[in-house]
Each structure stands twice: as C-alpha cells, then as structure tokens.
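Here the structure is laid out as structure tokens; the discussion comes afterwards.
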Protein chains: 2
Amino acid sequence: MPVMQSPPGPRTVIDGREYLYFGGTAYLGLQRHPEVIRAACEAAERYGIGSATSRTGYGDTPPTLDVERQAACFLGAEAALYFASGYQGGHILVSAGRGLFDAVFVDELSHYCVLEAARLSGLPFFPFQHADPEDLRAALGANLKPGQRPLVMSDGVFSALGHIAPVAEYCRVLRHYAGAALVIDDAHGIGVLGEHGRGTTEHSGMPDPINLGLSADEFSEPPALLVYGTCSKALGGFGGIIPGSQRFIAQLKQTHYYAGASAPPVPAAAATGRALEILQADPAIRLRLHENVRAARAGLRRLGLTVDDSPVPIVCLRIGSADRMRRIHEELLDRGILVPYMAAYSGLGPEGALRLAVFADHSGEMIEQLLDALARLL
Amino acid sequence: MPVMQSPPGPRTVIDGREYLYFGGTAYLGLQRHPEVIRAACEAAERYGIGSATSRTGYGDTPPTLDVERQAACFLGAEAALYFASGYQGGHILVSAGRGLFDAVFVDELSHYCVLEAARLSGLPFFPFQHADPEDLRAALGANLKPGQRPLVMSDGVFSALGHIAPVAEYCRVLRHYAGAALVIDDAHGIGVLGEHGRGTTEHSGMPDPINLGLSADEFSEPPALLVYGTCSKALGGFGGIIPGSQRFIAQLKQTHYYAGASAPPVPAAAATGRALEILQADPAIRLRLHENVRAARAGLRRLGLTVDDSPVPIVCLRIGSADRMRRIHEELLDRGILVPYMAAYSGLGPEGALRLAVFADHSGEMIEQLLDALARLL
C-alpha cells in the first residue's frame, strides 16, 4: 500500500513524491491547519493521550466536552454526543431505538457502516434502490403491515458516487407511517453542504432542528429525522458526532456506548473542537470550497464529461473502461497529479471510477492544471 | 459528570482537586509518559491529525504502520491490524468469519462490545454462565447438531469484576468441535498479563502464536484461538489491535473495516507506537505493576477483605450494601483518595462495587495510604 508522508492537502507527499492531490476527504484542509495541530499538542501535554476510562467513570475531559458544545452550536442543536469513531453513529442510534421499529429499509448503496448498523438492529431487512423514493415507497408498501414502523437508513452524501440522498422526498414518503424514522449518515455532508455547513438536511431544506427524538409522534409529523456525522473528513479531527435536543442526547447516553467505551482520545478531541471553532469563525473556508467545486465541475463539463452542478466536492468520473481509467490515473501520476482510481466500491460497477475530491485550499491554478492535464489525456 | 483535568495517573485532577487515584485503566501510566506525548505531537506536526482517507485509498501513514509492526512484535505475531476503536475488534472478526459458524455462545457477563459483535453475527445466540467451562460444555451439547461449528466469545479479563476467563478450559471443551473458534476480547489483559505482557492467553499457558486463522482445521486442533485488544488502556494510546499470521491479517483486510473506514488518527497512532516501543524496551514497568498488584491485594486481605491472589490490576471490592460502599467511596474522597464506586455494570449485581485499579506508577506509600484509609473506614 502507498504511504502518505505529509498531511493531506492540495500538495500531499505519497511514497516520497509530492503530488497535486485530489483524493480523500480533507475537503476544508483542517487536518493540517496549524491551530488545529497546536490544539491537539497542547491538549496532549495537558491531559495526556486519553483519560483511560469511560465517560461515566471520570473519563470526561475538557476537550471532549468542548467538541460537544462546538458541534451543537455548529449544527444548530441544543446538545451533541461525541464518540470515538464515526463508524459507530448508526450503531448507537439503532441501539437506542431497539424495540421502536418493525423493519429496516436501507439504500442499497449505503456505506458499509450503515449496512452493519441496519444488520445490528436484528429487524427484517429490505434494501431499496439507490436514491429512489419511489422504490422506497414500493418497498414500504410491500413489506409493512398496517401500523408497523419503518426505520429507513441512507448515506446523506455517497462517498464514492457523490450523490445526495433525496431526503425531502423520503420524508414525504414517510409522512404516512406513524413512528417512522429516517437515519442519515452525513459523513460527507456535515461541514460542506447547506448555508451553515450543517449538511444534507440543511441543503435539502429540512427544518431545523433535527434529532429531536427517536419517535416523531409527540412533537411533529413522521418521520423522526436523525442525522449523525464524522469529524475526520471536512471537520479535520476524528470521531463521530450526533447532534440533538438535550432530551435526545440524554437518551443516547443511556446506550452502552456511553458507559462502556473509552472516551475519545484527547488529541483528536482537541483538534476537532478547534476545527469546529475555526469553521464557525471563518465561513469563508466553506465558500472557497463551494467556488472550487463549481469551477472544477464547470471545467470538467467543458471537457465533455457528464458532471452535474452539485455542491458536493466528490466528483465521480466514469470515463470508459477500467483499463482506460487506470491509464488516465497513471498518466496523471506521471504528471504529478493524483486522482484516485477506485476499482471497487459501493455502486461503482465493474469498471470502477476516478474519484476526484475538490478542496477549499486548492487554488484556481491547481484546478486549471488538473483540467489541462485531463484535456490532454481524454 | 465529573471532569478529568489532568492525565490519568496516581495523582489525577478531577473537578479542580487532585486525588490519589485508583480508577480507570491507565495501568502502566503510559497515557502521560512524556515520550508518548511527544510522539503524538511530533507526528501531528509532521502528518496532520489524520490522512482523511481509508487505508486502501492512500490513507496509510508511518505511525499506523509502526503500530502494526510494534504490536506484532510485542504480541509475538507475524503481523497485526490496527484500527480506530477497540470496540470494533469483535465486529471485524465476526465480519471476517461470516458463514464459518452455526451458532454463537457468549459469556453472559461479557463486555457490551462483545455482546454487540455476537449479535451482529446474526447467528443463533446462546449465553453461558460467567467463566464456567462446564456450562459452556452443556450449552454446546444442548444447542448444536452434529457437525455444527460454534463461535465462542468472552472477555479475557472482565473490566469490572477483574476475573480472568478460563481460556485453557474453554479450549479443552472446544477440542471436540471441528471448526470451532474462541474469540477473546483482551482489552484489560494485553500489556498486563503473561510473561511478556501478551495477555490472557499467555497467562493461561496457551501456545504462541495465536490468531492463525478463523478456522483451526488446517493447522491444528480446534478451536481457532482469536484475540483482539485495545491500545487505550495498558498500552497508553488509542484504537484496536488484532495480531495474527500474515495470512490471517491479509484476510481481515478484506473486511469492510479496512477499505471503508478512515485510518486511525495520527496522534493516537504515534502515541500507541511509542508506548509499545517503551514497553518492549523497559519490561520493568510491567514488573512494577505486578508488584503493586501483589502488595495491594495482600494488604486488602490483611484488612479482612476477600481478595484473591490474581495478577489482574482490577480489584472488585464488594463491601456490604450499596449505601455502605457509596459512603466508603465518599469518605475516601474526603481524604483525597478516589476509588470509583460503580452502581451498575455487567455482573456487579444490585449493590454495585468499588472498583479499585492499581497502577505501575503507584508508589508503595500510596498503596499504604489507601490501605490505612480503608482500615479506618471498615
């Protein structure tokens, strides 16, 4: 496997060579922000690497609590739960919702961790066609008895395809199912999409606040809309985050993840808290990302590629056969430009795809350099 | 919730007051070791907070690879897999073993993450009585048809009770089941138990190497013995670790955890790698822990408490009613000594327990101070 020998950024060193890098998920460049790194180091010096105990057993540290305050503020919620890995967000929600649902319906191309959380529910499992509200409607109709409560799960932004889940349409379909919940893994949406960077639900015009509870009945029409995210991508830190009402977060703290897991590592928590602070103080970082995404997508269209006008910084390029894309990938590498070729991933099909990621800190010239190189190769 | 405002250690600051601390899992004091902290900071400055991509997508960094080399060496294995959270070790093994087993048998007092991994298997689920090989034998006999392959799961060291699982006896019971596997979550054993600190299996006299594969049939008699651990307790860092043969680790890298999850955060990885290095260079740290554990357990027995002569640094004290233990806990606090009272946890029963943790860096005087205070309160 190749080894990354610098922070991820527009210029990234891999196996000893610096590339103009368009890979991964460091969309806002915060993983290498000097203040984020300094926060991690200062916290490690002050509090050590970790509290070495669970959050119910004296394990809370100031950096963990700060992430929760900052994340709640950033996401427009009363409170938030921070935990060691974004992979576990769906698991936590499914654990908290045990007994509340009768069947689980999952976008067939959802991330592995979503599928795993769905499997963990132990409920009858029904995949539905990718990003297709009509297929969801049909699946619900075919598989639920009257009064049964569906749990529906999907990525917000799909990590390889770059698609945005039609969350508003899912909500319209689910309005007719009392006790329904829609769980969105917004790993690639939070920090990126929406006016305040709150992610897929904000982008989709869903009313704030989200994550009021596992069951919608008492406060609004169904479905209960539940979102979780990660801090390791746009947010520049590490760990998982679930925003929500005070009451809902208190409920999540009853799951075994709170009493039974070590608190997140101190340097990752401190980095995450500082990155959230920076993002709130400087919304221009997100605006630069949006400009770069627009420029890159427009440029790719000028090359004759089929690329839509989405605000998502992931552009999934399918250019002919696997062989051809591998060749483009390698010829770009020769020119010092890295656009990952993914041979296999959810929804990519047998030929795979070039997965291009745009960053806030790519300069206009860097994007032009990529487009020029691609123009020559196509 | 109380907040820890210093690294965990013999003197730990909680809510503004420094306590003589006997809580949590920082058994070897590595979370606050200056070299461990320096390693975390230097790596963050060099590589950023994380590579922001999966390990198959250019996300490997030198600190991650170093953890795997160091952990393999420390645990006497050819290789190791390092991942973001020790909570996921059982999940990874269960995912890799899909289709290889017919039913799962779990020590009824296993940690939440073990029970969750067992549930994730989707197999018929049979709890057996805590640490009881005869009950396991009976459960296997009663629930398996001829030729069926059991997956058996347990903690190695139980986090609140401090019991050691009878691993050798389980292996003897499972010898008669072709295709059987025994999975041990050794979160509290690795770094502590056994001549080289390799954990519960080494302590139990199991032959090295462990973790050769998911199915034992091809290379030895059943069961396949599979161990995973965490780096956030004795090892002073963060994340999960599975040692194993080259072949076995390659097999685990086929699971979705390798391609589908972000690589562990850089500072946690660097801290873990340095802590493993220190432990190997200085076995005296572990010897000091063992001496302290012996001294503390002997002293507690002198006070008339029922405490066995185990090498486990967790001493579960049940002294009368919940009220009485809560009072002892509070009176110790008044004297500046913190021994956590756990009201509810796997196996503690309705009264809960005082969970006393002994560290390598407690001095003899500190242990005497605790014993003196307890003597006055009992």
*Is it fair to say residue B:210 is in contact (Cβ under 8 Å) with a residue 12 or more places away in the chain, away from chain A (no Cβ under 14 Å) and within 20 Å of residue A:260 (Cβ to Cβ)?*
no
*Is it the case that residue B:170 is at pLDDT below 95, of a type outside the set (Lys, Arg) and buried (at least 24 other Cβ atoms within 10 Å of the Cβ)?*
no
*Among the residues of segment B:55-104, which ones are hydroxyl-bearing (Ser, Thr, Tyr) and either away from chain A (no Cβ under 13 Å) or buried (at least 22 other Cβ atoms within 10 Å of the Cβ) (or both)?*
B:58, B:61, B:64, B:82, B:85, B:87
*Name the residues in segment B:279-323 that are over 19 Å from the mean Cα position of the chain (by Cα) and among the β-branched types (Val, Ile, Thr), would you?*
B:306, B:307, B:319
*asked:* Could you check segment B:340-363 and list, in sequence order, the residues that are closer than 19 Å to residue B:160 by Cα, open to solvent by less than 20 Å² (accessible area, probe 1.4 Å) and more than 20 Å from the chain's Cα centre (by Cα)?
replied: B:352
*asked:* Show me the helices (runs of 4 or more DSSP H) found entirely inside segment A:62-181 where at least 2 residues are closer than 25 Å to residue B:262 by Cβ and assigned by TED's automatic domain parsing to the domain that holds residue A:51.
replied: A:62-75, A:89-96, A:112-120
*asked:* Within segment A:116-148, take every residue that is in contact with a helix residue (DSSP H, G or I) (Cβ under 8 Å, 6 or more places away or on another chain) and hydrophobic (A, V, I, L, M, F, W, C) and give me the one that is most open to solvent (accessible area, probe 1.4 Å).
replied: A:125
_It is to be established whether one or more residues within segment B:191-198 are among the basic types (Lys, Arg) and farther than 29 Å from residue B:315 by Cα._
no
*Identify the single condition in (1) over 30 Å from residue B:34 (Cα atoms); (2) at the interface with chain B (Cβ under 9 Å from one of its Cβ atoms) that residue A:114 does not satisfy, given that it satisfies every other one.*
(2)
*asked:* So, residue B:307, is that one open to solvent by less than 40 Å² (accessible area, probe 1.4 Å), free of Cβ contacts under 8 Å to residues at least 12 places away in the same chain and either more than 19 Å from residue B:372 (Cβ to Cβ) or among the hydrophobic types (A, V, I, L, M, F, W, C) (or both) or not?
replied: yes
*Only one of these is closer than 23 Å to residue A:86 by Cα and among the hydrophobic types (A, V, I, L, M, F, W, C): A:136, A:120, A:140. Name it.*
A:120
*Evaluate segment A:192-200: report whether one residue or more is open to solvent by 10 Å² or more (accessible area, probe 1.4 Å) and free of Cβ contacts under 8 Å to residues at least 60 places away in the same chain.*
yes
*Hey, can you tell me all the residues within segment B:237-293 that are within 13 Å of another protein chain (Cβ to nearest Cβ), within 24 Å of residue B:45 (Cα to Cα) and surrounded by fewer than 24 Cβ atoms within 10 Å (Cβ to Cβ)?*
B:278
*Scan segment A:25-50 for residues that are assigned to a loop (DSSP other than H, G, I, E, B), at the interface with chain B (Cβ under 7 Å from one of its Cβ atoms) and either more than 30 Å from residue A:252 (Cβ to Cβ) or touching a Phe, Trp or Tyr at 6+ places or on another chain (Cβ under 7 Å) (or both) and jot them down.*
A:26, A:49, A:50
*asked:* Scan segment A:219-226 and tell me whether some residue there is within 14 Å of chain B (Cβ to nearest Cβ) and buried (at least 24 other Cβ atoms within 10 Å of the Cβ).
replied: no
*Out of all the residues in segment B:1-24, which are in a loop (DSSP other than H, G, I, E, B) and surrounded by 24 or more Cβ atoms within 10 Å (Cβ to Cβ)?*
B:7, B:8, B:22, B:23, B:24
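The values are calculated or read from the model by the stated rules, or taken from the named source; none is laboratory data. Just so it is clear, the structure is predicted and the values come from calculations on it, not from any experiment. Heads up, the Cβs are rebuilt from the backbone with ideal geometry, glycines too, and the neighbour counts pull from every protein chain shown. These accessible areas exclude ligands, DNA and RNA; they are computed on the full protein's heavy atoms, side chains included. Shrake-Rupley method; radii C 1.70, N 1.55, O 1.52, S 1.80 Å.
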